[in-house]
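Below is one structure; the comments refer to it alone.
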Amino acid sequence: MEPLAPFRVLAPASIAEAVAAAAAHQGARFLAGGTDLLVNLRHGIGAPGVLIDLRSIPELRRLGPDRGIGAAVTLAEIAAAPPMLAAYPALIAAAASVAGPAHRAAGTLGGNLCLDTRCIFYNRGEWWRSATAFCLKHRGETCHVAPTGHRCHAAFSGDLAPALLAYDAEMRIAGPDGLRTEPLSALYAEDGAAHLRLGPGEFLAGVILPPDPWPAAYAKARTRGAIDFPLAGVAVALRTEAGSVAGLRVALTGTNARPFLLAGTEALLGTPVDAAWRDRLGRLVQKQVSPMRTTLAAAHYRRRVAAALAGRVAAQLAEAA
Ligand SMILES: Cc1cc2nc3c(=O)[nH]c(=O)nc-3n(C[C@H](O)[C@H](O)[C@H](O)COP(=O)(O)OP(=O)(O)OC[C@H]3O[C@@H](n4cnc5c(N)ncnc54)[C@H](O)[C@@H]3O)c2cc1C
Ligand code: SF4
């Protein structure tokens with residue numbers, strides 16, 4: 001760990017003040033719980049002169065009204081299963097599975113959704129990375145994971161995104177052009193070095209959950225059961241009619257540079273969840289995930305465990321229905 005470079009922390013009192021602060025301070029970074037950002041800064045990844053603390057904005061700390069969750073609501077508040085979230089157990093489970101209690105007390109919804117991507121060649125101290133001439137994602141020219149390519153494959157490893165994608169949640173983006181609402185999936189791009197589609201000065205103000213959510217659940221595989229990022233995390237939302245699958249959304253994290261919704265799930269509608277159905281779902285997952293050598297666990301393990309988790313979670317939901 002490096003000593004932190006000096007920075008100023010601004011505490012805007014409103015969304016408008018945060019937007020103005022970002023416009024006035026080029027290169028400023030948004031700060032929430034700091035459980036990801038400050039670790040990266042201590043690793044010498046970036047040295048912003050100004051941090052804009054979004055937790056000082058009361059509007060962003062609100063749960064509700066109308067199924068809205070402010071970006072600065074903590075993971076512990078979500079994991080505590082407040083009545084407003086009773087119909088969204090996958091989100092509660094995902095929040096409860098993030099890191100340890102101290103991280104959840106500080107870490108926020110917005111920080112989790114905007115988490116930096118991760119790689120064993122990147123989440124290292126400055127001296128370690130300098131010994132490998134850095135890498136494409138920060139200060140270097142080569143990707144050590146795929147040296148012949150020109151793209152970073154660092155994995156998005158946040159737990160909340162798949163649950164929210166499976167629920168078909170929307171996000172609220174604040175920025176110089178005001179507030180806009182879009183599907184959460186529009187936040188992400190498949191590029192480990194630029195995985196967030198946020199314009200200059202834009203930040204996540206919160207998410208909006210849909211009314212009448214489908215039954216859903218979240219599961220993750222991790223190296224240390226008590227506290228760890230997902231090697232693969234899968235959220236499934238599944239609706240049944242007369243014993244057959246009538247609606248299915250599957251979202252994944254930890255395997256790609258972005259969390260994403262599995263495509264082609266409509267081919268799995270109209271039949272019950274049995275062993276053959278689980279095999280078909282598993283094959284669909286294995287085709288679309290693209291884990292690379294960015295974790296100590298083997299990429300092929302992450303591919304297979306993602307498929308196994310998807311089948312297991314879907315079977316549990318079907319059985320409960
Ligand atoms: C030991 C350890 C274990 C961890 N395990 C997990 C895990 O299992 N699962 C997991 O998901 N995470 C894990 N984390 C990462 C982190 O603790 C959580 O993801 C947490 O939710 C991050 O939220 P934060 O508020 O602390 O984000 P911050 O660190 O404050 O910010 C993270 C990033 O998001 C940006 N940002 C923050 N808020 C916004 C916003 N509203 N709009 C735009 N950009 C924003 C920041 O600029 C920064 O780039 C772990 C971290 C550690 C240190
Ligand atoms: S995938 Fe490649 S470019 Fe991206 S962080 Fe890892 S080594 Fe660097």
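Data overview
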{"item": "Which numbered condition Gly282 fails, given (1) surrounded by fewer than 18 Cβ atoms within 10 Å (Cβ to Cβ); (2) assigned to a helix (DSSP H, G or I)", "result": "(1)"}
{"item": "One residue from Arg29, Arg42 being free of Cβ contacts under 8 Å to residues at least 24 places away in the same chain, touching a Leu at 6+ places or on another chain (Cβ under 8 Å) and within 21 Å of Arg118 (Cβ to Cβ)", "result": "Arg29"}
{"item": "When residues of region 1-46 are limited to those that are surrounded by fewer than 13 Cβ atoms within 10 Å (Cβ to Cβ) and assigned to a loop (DSSP other than H, G, I, E, B), the one nearest to the chain's Cα centre (by Cα)", "result": "Gly27"}
{"item": "Which listed residue is of a type outside the set (Lys, Arg) and either away from ligand 2 (no atom under 16 Å from the Cβ) or surrounded by 18 or more Cβ atoms within 10 Å (Cβ to Cβ) (or both), from Ala194, Ala237, Ala189", "result": "Ala237"}
{"item": "Members of region 1-44 that are among the β-branched types (Val, Ile, Thr) and near ligand 1 (Cβ under 10 Å from one of its atoms)", "result": "Thr35, Val39"}
{"item": "Odd one out for Lys220 among (1) in a strand (DSSP E or B); (2) within 25 Å of Val234 (Cβ to Cβ); (3) touching a Lys or Arg at 6+ places or on another chain (Cβ under 7 Å)", "result": "(3)"}
{"item": "Matching residues, region 63-88, being within 14 Å of Leu204 (Cβ to Cβ) and not hydrophobic (A, V, I, L, M, F, W, C)", "result": "Gly68, Gly70"}
{"item": "Cross-chain or 6+ apart pairs with Cβ under 8 Å, region 216-234 first and of a type in the set (Asp, Glu), then surrounded by fewer than 24 Cβ atoms within 10 Å (Cβ to Cβ) and part of a loop (DSSP other than H, G, I, E, B)", "result": "Asp228/Ala99; Asp228/Arg222"}
{"item": "Single unsatisfied condition, Ala299 versus (1) touching a Gly at 6+ places or on another chain (Cβ under 9 Å); (2) farther than 17 Å from Ala237 by Cβ; (3) not aromatic (Phe, Trp, Tyr)", "result": "(1)"}
{"item": "Search result, residues across region 54-72 that are at pLDDT 95 or above, assigned to a loop (DSSP other than H, G, I, E, B) and of a type outside the set (Val, Ile, Thr)", "result": "Arg62, Arg67, Ala71, Ala72"}
{"item": "Among (1) within 16 Å of ligand 2 (Cβ to nearest atom); (2) touching an Asp or Glu at 6+ places or on another chain (Cβ under 7 Å), the one test that Val98 misses", "result": "(1)"}
{"item": "Residue list for region 152-180, filter: surrounded by fewer than 16 Cβ atoms within 10 Å (Cβ to Cβ) and either within 15 Å of ligand 1 (Cβ to nearest atom) or modelled with pLDDT under 95 (or both)", "result": "Pro176, Leu179, Arg180"}
{"item": "Region 201-229 - residue that is more than 18 Å from Ala95 (Cβ to Cβ) and under 16 Å from the mean Cα position of the chain (by Cα) and, of those, farthest from ligand 2 (Cβ to nearest atom)", "result": "Ala205"}
{"item": "Arg239 vs. criteria assigned to a loop (DSSP other than H, G, I, E, B), out of contact with any helix residue (DSSP H, G or I) (no Cβ under 6 Å at 6 or more places or on another chain) and at pLDDT 95 or above", "result": "no"}
{"item": "Residues satisfying the stated conditions in region 286-303, i.e. touching a helix residue (DSSP H, G or I) at 6+ places or on another chain (Cβ under 7 Å) and among the basic types (Lys, Arg)", "result": "Arg293, Arg303"}
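The values are calculated or read from the model by the stated rules, or taken from the named source; none is laboratory data. Remember, predicted model here, so these are calculated numbers, not experimental data. Ideal geometry is used to build each Cβ from the backbone, glycine not excepted, and the neighbour counts take in all protein chains shown.
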